[in-house]
Amino acid sequence: MLNFFRNLTKSRYGVIAVFIFLAIIAIAFAAGDITGVRNMGGGAKGNVLVRVGNSQVTDAQLRDRIDRFLRNAQRDGQNITMEQFLAQGGLDLALDEMVNATALAEFAQDSGMKVSKRLIDGEIASTPAFFGLDGKFSQKAFEDLLAQNRISPAMLREGMTQDRYGNWLVNRVTIGTQVPEGVALPYASLMLERRTGTVGLIQSVAMDPGPDPNDKTLAAFFTANQARYMVPQRRVVRYALVKPDALRAGAAATEAEIADAFRKQQATRFAATQKRSVELVTTLDQATAAQVAAKAKGGSLAAAATSSGLEARTFTALEKSALAQQVSDAFANAAFAAQPNAVVGPTRVGGNWLVFRVTGVEQVAAKTLDQVRGDLATEITTRKTTEALAAKRQALDDGLGDGKTFDEAVRDAGLAAVRTPALTAQGTNPDDPNFKPDPLLGPVLQSAFAAEEAGGDPEIVQVAPDGSFAVVAVDQIVQAAPRPLAQIRDKVKADYLMDKAHQKARAAAAAVVAKLQKGVPMQQALAEAGVTKGAPPKPFDMKRADVLGKQVPPYVQMAFTMAPKTAKLVEGPNRMGFYVVQLDAVEEHSAAGDRAAIARVQAEIGQQAGAEQASQFVASIRNHLKVVRNEAAIARLRADLTRTGSAR
């Protein structure tokens, strides 16, 4: 996953936003309007890792950022450990991007830039992640989302403010980047380049690996290659499901409830009613409406509307309440008071002038109890089931809040607990390839892998849209570790022999290359190197444009990096063996006059040039502000994170 953030830095925004993005990843994914949010501490205490002009980045700030990133990644089902984060350069990436953001913000302020509170308020208010059910900004949604991500409103505002400084500066530097045609032409011409030659494959499985390893040799090979046999962190989880179906029988509607519901709705929902079909034309002025009405009296209202450049709307078999919902109460009253087939209007409703015609009237008879018994029974049972489910969840929540253990809560609620085997975050059991988890286990595992330790407080997790939920507790955490050699002895032995065969394939390929360099034909060189098995060598004839950006074998990539009349070897995927590539000729062509090809290359180089300019600009600002790293403090933080395996 860290590769994604490294790639992001290649864009002009990524130069400043990548670790800002990590800091609040849960909100950033939901809020498309915010490219990133960061918190430079707001006075956070801690050892200073880097001084950036008059500002500083502390270990407390960096710990908080890494902690939030790992939590959110694990909550999203990505089992990223602190060890993996550090091994992939996460700490250096995080610190560097925090320094970049700090430098940009300080430079902007020193240059007289100012981000107003009103601008930030506007961005917050227009962020969809903070909208309520009515589609408008909700203070509660805002506070809840920040609380879930352990971010204070002040932190959010400060982060958005500094992110805005960075965007302003980088945009200004990279906007309008253009590449001259003379620079683009050689690259465009490269796309037309054609290469011909021959390729042979020396397969590992065709080599004799030699004798089987003895116990000492096999153990040494296993120790040196333990990473191949690692089992990721697993967790044993206890959970108890509560589904609506389990409560439905006890929530069945009684005859008394059905009768009572019918009595309460008889005069409204089940009374005799009328449905009407209506054609409606809406205009902005009375004169146009009068013109449409006059034409409609002698024919079709739809045709009259079309002749005036308007369009008629049709409403088919709607009750009065439904028509009011689609148009307005005033129009529904008028439509249900009008005579059928008569053109009504112009009549003013709100700020518009309306012309309409009732095209159909349908009388709907009142419904009896027997006619609606089934519908009412279903509605009542569903409502009671939902209420029982909510009550069950509330009772469990209250019990856990009062300190009940998982066993006590499950026992008191009359639930059946399930104990999983040691599962990965993806729900697989490395000890049992045939294991098939419950389809509802995904959210359960997501919650379990977000827990900091085993034996913590149980949680209630919704597992399905129908309201099903589970009480979840982590029973055991099995740390990532290699399988015991005794369990996988046959596999390790096979890997050892394949490694030996692979080494021999490399040696044979190197010998073939040496012979090719002396002018020996490919087929003869293979035979003299002892390669007698496998497919014969084959010629290739490729144009760069036909393979660029596509998934191609390694030998194709190699062929486009070689000089003519040379030979090289390149390893195949999955230790399959080695390709021997002999390049015979390079046929060059010019793209001069091909405006489309040149324009494409100009656009592609322009994007990279913008990122490079942004990177150089940030580097210049850092030099101007005199960035000073405290290497000892950085080393202590790295060691501490490595030792504890946690950002906290």
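The values are calculated or read from the model by the stated rules, or taken from the named source; none is laboratory data. Computed from a predicted structure; not experimentally measured. Because the Cβ atoms are built from the backbone with ideal geometry, glycine has one as well, and the counts that use them run over all protein chains shown. These accessible areas exclude ligands, DNA and RNA; they are computed on the full protein's heavy atoms, side chains included. Shrake-Rupley method; radii C 1.70, N 1.55, O 1.52, S 1.80 Å.
One quarter of the surface of the convex hull around the alpha-carbon atoms of segment 462-522 equals 10.5 nm², the direction-averaged projected area.
Across 254, 306, 420, the residue with the most accessible area heads the list, and the full order at a 1.4 Å probe is 306, 254, 420. Among 605, 641, 573, which residue has its Cα furthest toward the positive end of the charge dipole of segment 532-648, with +1 on Lys/Arg Cβ and -1 on Asp/Glu Cβ? Going by the charge dipole, the pick is 641. Sorted on the mean count of surrounding Cβ atoms within 10 Å across their residues, most packed first, peptides 366-373, 92-99 read 92-99, 366-373. Shown here are the Rg and Dmax of the Cα trace of segment 256-339, at 17.6, 59 Å.
Its alpha carbons considered, segment 167-240 gives a radius of gyration followed by a Dmax of 28.2, 69 Å.
Using Cα pairs under 8 angstrom and six or more residues apart, how large is the relative contact order of the chain, in percent?
Result for the chain is 26 percent.
Full extension of the chain between residue 493 and residue 411 yields a length gain of 24.6 nm, computed as 0.36 nm times the residue separation minus the alpha carbon distance. Each of 265, 209, 244 was placed along the dipole of segment 175-279 (beta-carbon charges, centred on the mean Cα), and the one lying farthest toward the positive end is 265. For segment 444-546, the relative contact order comes to 15 percent (Cα pairs under 8 Å, sequence separation of at least 6). With everything on Cα atoms, drop me the angle between helix 14-23 and the longest principal axis of the chain, reported from 0 to 90° to the nearest 10. The answer is roughly 70 degrees. Relative to the dominant Cα principal axis of the chain, helix 215-224 is inclined by about 60°.
Once you order the gyration tensor axes a ≥ b ≥ c over the Cα atoms, which shape class does segment 195-322 get: rounded for a/c under 1.5, otherwise prolate or oblate by comparing a/b with b/c? Since a/c reaches 1.5 but b/c is at least a/b, the shape of segment 195-322 is classed as oblate.
Is the shape of segment 476-578 best called rounded, prolate or oblate, per the rule: a/c under 1.5 gives rounded, else a/b larger than b/c gives prolate, else oblate, with a ≥ b ≥ c the square roots of the Cα gyration tensor eigenvalues? Oblate shape, in that a/c is at least 1.5 and b/c is the bigger or equal ratio.
For segment 59-215, the solvent-accessible area works out to 47 Å² per residue, with a probe of 1.4 Å and every protein chain left in place. Within the chain, all pairs of alpha-carbon atoms sorted by distance into 10 Å bins from zero give the percentages 3, 10, 12, 14, 17, 17, 13, 8, 4, 1, 0.
Going through the cross-link list 136/243; 243/264; 264/320; 136/392; 384/404; 243/436, which pairs have a Cα-Cα distance over 22 Å in this structure? Pairs exceeding 22 Å: 136/243; 243/264; 136/392; 384/404.
Can you compute the modelled spin-label distance between residue 587 and residue 111, with each label point 7 Å from Cα toward Cβ, in nm? Going by the 7 Å Cα→Cβ label model, 5.1 nm. Diffusion of segment 372-506 by Stokes-Einstein, at 4 °C in a medium of 1.567 mPa s and with Rh set to the Kirkwood radius over alpha-carbon pairs, works out to 69 µm²/s. Dipole check for the chain: with +1 at the C-beta of Lys and Arg, -1 at the C-beta of Asp and Glu, and the Cα centre as origin, the magnitude is about 1020 Debye.
Think of it as helices only: each DSSP H run of n ≥ 4 in the chain is worth -39500 (n - 2.57), and spread over all residues that comes to -15500 deg cm²/dmol at 222 nm. Size estimate for segment 320-416 follows the Kirkwood approach: the inverse of mean 1/r over distinct Cα pairs works out to 18.9 Å.
Any idea what angle helix 255-265 forms with the longest principal axis of the chain, computed on alpha-carbon atoms, 0 to 90 degrees, nearest 10? Taking Cα atoms only, the helix is inclined about 70 degrees.
Across segment 228-368, the relative contact order, built from alpha-carbon pairs under 8 Å that are at least six residues apart, equals 31 percent. Ordered from highest to lowest accessible area with the whole protein assembly present and a 1.4 Å probe, 168, 353 read as 168, 353. For the chain, the carbon plus sulfur part of the accessible surface works out to 51%, probe radius 1.4 Å.
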